[in-house]
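Just below is one structure, and these are the notes that go with it.
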Amino acid sequence: MNFDRVDNLIRQVESSIQVTGEFNKRKELLVGVDLGTAYIVLVVLDEEQKPIACEMQFAQVLKDGLVVDYIGASRIVRELKAKLEERLGVELTKAAIAVPPGTSEGDSKTHCYVVEGSGMDVVAILDEPSAANAVLQIKNGVIVDIGGGTTGLSILKDAEVIYTADEATGGTHLSLVVAGNYGISFEEAEVIKKDSKRQREIFTIVRPVIQKMASIVSHHIIHHKVSDIYLVGGTCCLEGIEEVFQKETGIRTHKPTNPFLVTPLGIAMNCKV
Ligand code: ATP
């Protein structure tokens, strides 16, 4: 798969973290809120879906994709929204959100309340891998979104989602394994894990966990004819993760250059104003 279009879009989101894009102040902006186990990310697009601003914060206010610290989550969303409004000079009024596949109605409502508490109407609720597909535009295959606490997957056939699943495994587990191995704190392990210069060193330690993640995915897709796996989510930034998946599942595995911001961008693309 050629990821040129996707990589170009993600590069625009990356640069909108530092530099606010030009936009028409008379037109409504599209906002995507990704409430994650590891990161809360807000992406803002103009009416033509061009990335113009992005803010994020590392936060541990969700567990396994579900809100466990409502007050903390609400505060962070309010603060990130305020930062964006200051940068943009306009009020943000509408947002789309995403939840892990299979999230109950009650838990989805909690995500909504967190975002609505910041003063934005929630106009769309998606499942995370489907949000990612707004960016990837896959017609056939499985999208595997490996975040901090959850691995969501969505099987597509002729552009229709035919199966979704969510498992409580993700980058947090990799960091815990690194922390245990080196006898260091979780926070220190997070830093080492994300350092591209040290990823080769930690790979042997985390490989069994990644193999387990791949076997979980194999288990879910066993009854479907899947010829390609597409990896997204922060954990898939790990160099070489795609090779482990390909070897374990026997299925061609692809990932964009930066899989981290794909889902937050896809959420914003689904903000219907
Ligand atoms: P979830 O979807 O499970 O609720 P989330 O939305 O916070 O969580 P993401 O933001 O997609 O998930 O990914 C966060 C995870 O990705 C964290 O575990 C983080 O350590 C990991 N991560 C981020 N950047 C990198 C990197 N460069 N290398 C390795 N792992 C990374």
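The values are calculated or read from the model by the stated rules, or taken from the named source; none is laboratory data. Not measured: the values here are computed from a predicted model. Positions of Cβ are backbone-derived with ideal geometry, glycine not excepted, and every protein chain shown enters the neighbour counts. Side chains included, ligands, DNA and RNA excluded: accessible areas come from the protein's heavy atoms. Shrake-Rupley method; radii C 1.70, N 1.55, O 1.52, S 1.80 Å.
Residues are listed down the side, and each one gets a yes or a no for (1) within 16 Å of the ligand (Cβ to nearest atom); (2) open to solvent by less than 20 Å² (accessible area, probe 1.4 Å):
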| site | (1), (2) |
| --- | --- |
| Gly141 | no, yes |
| Gly180 | yes, no |
| Ser185 | yes, no |
| Arg198 | yes, no |
| Ile202 | yes, yes |
Practice task
Tell me, yes or no, whether the stretch 227-235 has at least one residue that is of a type in the set (Gly, Ala, Ser), open to solvent by less than 10 Å² (accessible area, probe 1.4 Å) and either more than 12 Å from the ligand (Cβ to nearest atom) or within 18 Å of Thr164 (Cβ to Cβ) (or both).
Solution key: yes
Problem - Residue satisfying all of: in the stretch 251-268; outside any loop (DSSP other than H, G, I, E, B) and touching a residue at least 40 places away in the same chain (Cβ under 8 Å); nearest to Gly152 (Cα to Cα) among these - result: Thr263
Problem - Conditions (1) assigned to a helix (DSSP H, G or I); (2) touching a helix residue (DSSP H, G or I) at 6+ places or on another chain (Cβ under 6 Å): number failed by Glu242 - result: (2)
Handout entry: Answer from Lys194, Lys255 - the residue that is in contact with an Asp or Glu (Cβ under 6 Å, 6 or more places away or on another chain), open to solvent by 20 Å² or more (accessible area, probe 1.4 Å) and either on the phi > 0 side of the Ramachandran plot or within 14 Å of the ligand (Cβ to nearest atom) (or both)
Key = Lys255
Completion exercise
Restricted to the stretch 145-164 and to residues being crowded, with 20+ Cβ neighbours inside 10 Å and more than 16 Å from the ligand (Cβ to nearest atom), the residue farthest from Ile210 (Cα to Cα) is Leu156
Fill in the blank from the handout: Checked against (1) in contact (Cβ under 8 Å) with a residue 60 or more places away in the chain; (2) within 16 Å of the ligand (Cβ to nearest atom), Glu243 satisfies every condition except (1)
Exercise for the section: May I ask you to say which residue of Ala159, Ala165 is in contact with a helix residue (DSSP H, G or I) (Cβ under 6 Å, 6 or more places away or on another chain), among the aliphatic types (A, V, I, L, M) and at pLDDT below 95? Expected result: Ala165
Problem - Test result for Thr37, under 22 Å from Glu116 (Cα atoms), of a type in the set (S, T, N, Q) and in contact (Cβ under 8 Å) with a residue 40 or more places away in the chain - result: yes
Practice task
Could you please find all residues in the stretch 83-119 being within 20 Å of Leu30 (Cα to Cα), without any contact (Cβ under 8 Å) to a residue 40 or more places away in the chain and open to solvent by 50 Å² or more (accessible area, probe 1.4 Å)?
Solution key: Lys83, Glu86, Glu91, Glu116
